[in-house]
């Protein structure tokens, strides 16, 4: 995937750009996503929860700050509602 990172004047990452064809694939997957069912499945799978926790910690170490998935999900939800 050809990802481009957008940074502010201090070099802090503020956005990500991906090619439009790759976005269309991601968007199609998100449109078919059933969050309620998937969340229930995730919560009931302790191995998956451990994997998510490890991934979040790896991402935090890489970017040097906490990831706020809630904000990301809210933005994604607003974007789908505006279409």
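I need the calculated FRET efficiency for the pair residue 47 and residue 20, taking r as the beta carbon distance and R₀ as 25 Å, to the nearest 0.05.
On the way: r = 35 Å, r/R0 = 1.41.
Working from the Cβ atoms, E equals 0.10.
Calculate the FRET efficiency for residue 27 and residue 6 from the Cβ-Cβ distance with a Förster distance of 25 Å, rounded to the nearest 0.05.
Calculated transfer efficiency: 0.80.
Over the stretch 10-57, what portion of Cα pair distances is larger than 15 Å, expressed as a whole percent?
Summing the P(r) tail past 15 Å for the stretch 10-57 gives 67 percent.
Laboratory data are not the source of any read-out in this text; all were calculated from the coordinates shown. This one's a predicted model, so the numbers in the text were calculated from it and none came from an experiment. Neighbour counts are summed over all protein chains in view; Cβ atoms, including those assigned to glycine, are modelled from backbone coordinates with ideal geometry.
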